[in-house]
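Visitor: Here's a structure for you.
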Amino acid sequence: MKAAVLVQLNQPLEIAELTLRSKLDFGQVLVAVRYSGICGAQLNEIEGAKGPDKFLPHLLGHEGGGVVLECGPGVKRVAAGDHVVMHWRKAEGIHSATPSYDWNGRRVNAGWVTTFNDTAVVSENRLTPIPKSIPLDIAALYGCALTTGFGVINHDARLTIGESVVVFGVGGVGITTILGASLAGGYPIVAVDPVPEKLELARKFGATHTLAVAADESTHDSLVELNGGRLFDVAVENTGRSSVIQAAYKVSGPGGRVILVGVPRHDDPITIDSLPLHFDKILTGSEGGGTIPSRDIPRYLRLQEAGRYELSELISHRFRLEEVNLALDTFRAGKAYRCMLEMG
């Protein structure tokens, strides 16, 4: 199998030929990965945003579309030939041991799902079978981007009709958060991002207003003006930057919900006035939108198949697996919505 391996933090990934170190264990599934999205979580891993990484070298990627090749003992939810969404959130099924791979005698670690590799051993509970009518590149978006965005609206914010929403950072998750807010009847839905092309796409996906800035607390008055002079009911922060988190907190009203999707660096603390938290204001970190993939993905796919939304424009760039470092640089530059790796 061909894979992109993280060998050292803050260094390019290395393309390697790996072999599985053992037979499939209880609850493990062998999957041919067809497409993998690139998420901010991978940049955080590469850059050591959470601190030292004791698992190096290891594989990356947590949203993919693939085809089941073989099932290990005990697997019942999927079968060989099934098309699947590969996701990092737990679903139904066995929570297996993590696999390890061999690289010329060197052990390479992996989590319960990885997608920066053309073949992967995946835990059964990280796979959700889907109809074969769903293109596998679109299926990959359900591994994280779409389920996180929709989950932020449905589960974290619990948005109700007519509530106001501001979304800071309009990448893959930001766009799908806007789409989810639109489907749920939010108004106004304000997208904040310094890249005009992203804001243009945000309008196509349901944003009613846009603000083309790199947000910080100085944008407060402009945002309040867009909301008719009121603070927002829901603020969603996708960048993980302390200055933007603080801006999102201040622009949300009493009883507002501030949902942090972007993961801050361990060395970039925030400073807030915590008093409003004692009076119904909520500040919470989102873990994949609280999504339960085996429940939520089929629901969302029914909406897609009914024509309620179309996701192809969300994929802004496509790269071969061998071009993964170029793909990461493109994503890091901030102008991509979702970069998709094609396994060929």
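Visitor: List the strands (runs of 3 or more DSSP E) inside region 266-344, counting only whole elements, that have at least 1 residues being loosely packed, with under 13 Cβ neighbours inside 10 Å and out of contact with any Pro (no Cβ under 6 Å at 6 or more places or on another chain). It would help to see each step written out before you state the result.
Guide: Values: elements: 282-285, 315-320, 338-342.
In region 266-344, 282-285, 315-320 are the strands (runs of 3 or more DSSP E) which contain 1 or more residues that are loosely packed, with under 13 Cβ neighbours inside 10 Å and out of contact with any Pro (no Cβ under 6 Å at 6 or more places or on another chain).
Visitor: Continuing with this model, one more query. Could you please find all residues in region 258-280 being among the aliphatic types (A, V, I, L, M), in contact with a Lys or Arg (Cβ under 8 Å, 6 or more places away or on another chain) and under 19 Å from GLY48 (Cα atoms)?
Guide: Scanning region 258-280 gives a single hit, VAL263.
Visitor: Looking at region 231-253, which of its residues are farther than 23 Å from ASN154 by Cβ and not in a helix (DSSP H, G or I)?
Guide: ARG241, the sole residue that qualifies.
Visitor: May I ask you to say which residue of ALA41, ALA91, ALA120, ALA32 is touching a residue at least 60 places away in the same chain (Cβ under 8 Å), assigned to a helix (DSSP H, G or I), in the same structural domain as LEU136 (by TED's automatic domain parsing) and of a type in the set (Gly, Ala, Ser)? Steps first, please.
Guide: On the way: ALA91 fails: assigned to a helix (DSSP H, G or I); ALA120 fails: assigned to a helix (DSSP H, G or I); ALA32 fails: assigned to a helix (DSSP H, G or I).
Testing whether each residue is touching a residue at least 60 places away in the same chain (Cβ under 8 Å), assigned to a helix (DSSP H, G or I), in the same structural domain as LEU136 (by TED's automatic domain parsing) and of a type in the set (Gly, Ala, Ser) leaves just ALA41.
Visitor: Please give the number of the condition GLN246 fails out of (1) of a type in the set (S, T, N, Q); (2) farther than 23 Å from ALA215 by Cα; (3) touching a Ser or Thr at 6+ places or on another chain (Cβ under 7 Å).
Guide: Of everything listed in (1) of a type in the set (S, T, N, Q); (2) farther than 23 Å from ALA215 by Cα; (3) touching a Ser or Thr at 6+ places or on another chain (Cβ under 7 Å), GLN246 misses just condition (2).
Visitor: Can you run down the residue pairs with Cβ atoms below 6 Å, 6 or more apart or on separate chains, where the first is in region 320-344 and free of Cβ contacts under 8 Å to residues at least 24 places away in the same chain and the partner is crowded, with 23+ Cβ neighbours inside 10 Å and assigned to a strand (DSSP E or B)?
Guide: Listed by first residue and then by second, the contacts come to THR330/CYS339.
Visitor: Please give the number of the condition GLY66 fails out of (1) in contact with a helix residue (DSSP H, G or I) (Cβ under 6 Å, 6 or more places away or on another chain); (2) under 22 Å from ASN325 (Cα atoms); (3) in a strand (DSSP E or B).
Guide: Every listed condition holds for GLY66 apart from (1).
Visitor: Let me ask something else about it. So which residues in region 271-287 are under 27 Å from THR147 (Cα atoms) and among the β-branched types (Val, Ile, Thr)?
Guide: Just the residues of region 271-287 that are under 27 Å from THR147 (Cα atoms), to begin with: 280-287.
Passing the criteria: ILE282, THR284.
This table checks each residue for (1) at pLDDT below 95; (2) not assigned by TED's automatic domain parsing to the domain that holds ALA41; (3) not aromatic (Phe, Trp, Tyr).
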| residue | (1), (2), (3) |
| --- | --- |
| PHE279 | yes, yes, no |
| LEU283 | no, yes, yes |
| SER294 | no, yes, yes |
| TYR300 | no, yes, no |
| LEU303 | no, yes, yes |
| HIS317 | no, no, yes |
| ARG332 | yes, no, yes |
| TYR337 | yes, no, no |
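Visitor: So which of ALA49, ALA16 is within 17 Å of the chain's Cα centre (by Cα), in contact (Cβ under 8 Å) with a residue 24 or more places away in the chain and in the same structural domain as ARG106 (by TED's automatic domain parsing)?
Guide: Working: ALA16 fails: within 17 Å of the chain's Cα centre (by Cα).
Unique residue meeting the criteria: ALA49.
Visitor: Still on this structure, I have one more. Across region 130-144, which residue is farthest from the chain's Cα centre (by Cα) among those that are closer than 14 Å to THR115 by Cα and in a helix (DSSP H, G or I)? Break it down into steps so the answer makes sense when it comes.
Guide: Kept after step one, since they are closer than 14 Å to THR115 by Cα, are these residues of region 130-144: 136-137, 139-144.
Next, only the ones that are in a helix (DSSP H, G or I) stay: 136-137, 139-141.
Numbers: LEU136: 16, ASP137: 14, ALA139: 13, ALA140: 10, LEU141: 8 Å.
Only one residue tops the list, namely LEU136.
Visitor: Here is a follow-up. When you scan region 178-209, how many residues do you find that are part of a helix (DSSP H, G or I) and of a type in the set (Asp, Glu)? Before the answer, list the steps.
Guide: The initial filter retains those residues of region 178-209 that are part of a helix (DSSP H, G or I), namely 178-183, 196-204.
This time we only want the ones that are of a type in the set (Asp, Glu), so: 197, 200.
Matching residues across region 178-209 total 2.
Visitor: Pairs, please: C-beta under 9 Å, at least 6 apart or cross-chain, first residue farther than 14 Å from ARG338 by Cβ and in region 193-208, second among the polar types (S, T, N, Q) and assigned to a helix (DSSP H, G or I)?
Guide: GLY206/SER182; ALA207/SER182; THR208/SER182
Visitor: Which members of region 18-29 meet the condition of being assigned to a strand (DSSP E or B) and closer than 16 Å to GLY93 by Cα?
Guide: Narrowing region 18-29 to residues assigned to a strand (DSSP E or B): 19-20, 28-29.
Passing the criteria: GLN28, VAL29.
Visitor: Every residue in region 254-265 that is under 22 Å from CYS39 (Cβ atoms) and either of a type in the set (Lys, Arg) or part of a strand (DSSP E or B) (or both), please. Outline the logic, then answer.
Guide: Of all residues in region 254-265, those under 22 Å from CYS39 (Cβ atoms) come to 258-265.
Residues satisfying the conditions are VAL258, ILE259, LEU260, ARG265.
Conditions (1) at positive phi; (2) of a type outside the set (A, V, I, L, M); (3) touching a helix residue (DSSP H, G or I) at 6+ places or on another chain (Cβ under 7 Å), marked per residue:
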residue: VAL166; (1), (2), (3): no, no, yes
residue: VAL170; (1), (2), (3): no, no, yes
residue: SER182; (1), (2), (3): no, yes, no
residue: PRO194; (1), (2), (3): no, yes, no
residue: LEU201; (1), (2), (3): no, no, yes
residue: ALA207; (1), (2), (3): no, no, yes
residue: VAL213; (1), (2), (3): no, no, yes
residue: THR219; (1), (2), (3): no, yes, yes
residue: GLY228; (1), (2), (3): yes, yes, no
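Visitor: What about ASN154, is it crowded, with 24+ Cβ neighbours inside 10 Å, more than 15 Å from the chain's Cα centre (by Cα), among the polar types (S, T, N, Q) and within 28 Å of LYS335 (Cα to Cα)? Explain how you work it out, then say what you get.
Guide: Working: crowded, with 24+ Cβ neighbours inside 10 Å: no; more than 15 Å from the chain's Cα centre (by Cα): yes; among the polar types (S, T, N, Q): yes; within 28 Å of LYS335 (Cα to Cα): yes.
Against the criterion (crowded, with 24+ Cβ neighbours inside 10 Å, more than 15 Å from the chain's Cα centre (by Cα), among the polar types (S, T, N, Q) and within 28 Å of LYS335 (Cα to Cα)), ASN154 does not qualify.
Visitor: Exactly one of these conditions fails for GLY48: (1) at negative phi; (2) in contact with a Leu (Cβ under 7 Å, 6 or more places away or on another chain). Give me its number.
Guide: Among (1) at negative phi; (2) in contact with a Leu (Cβ under 7 Å, 6 or more places away or on another chain), GLY48 violates only (1).
Visitor: Of (1) assigned by TED's automatic domain parsing to the domain that holds THR19; (2) buried (at least 24 other Cβ atoms within 10 Å of the Cβ), ILE130 satisfies all except one. Which?
Guide: The number of the failed condition is (2).
The values are calculated or read from the model by the stated rules, or taken from the named source; none is laboratory data. Keep in mind that this is a model prediction, so the values were computed, not measured. So basically every Cβ, Gly included, is an ideal-geometry build from the backbone, and we count neighbours across all protein chains shown.
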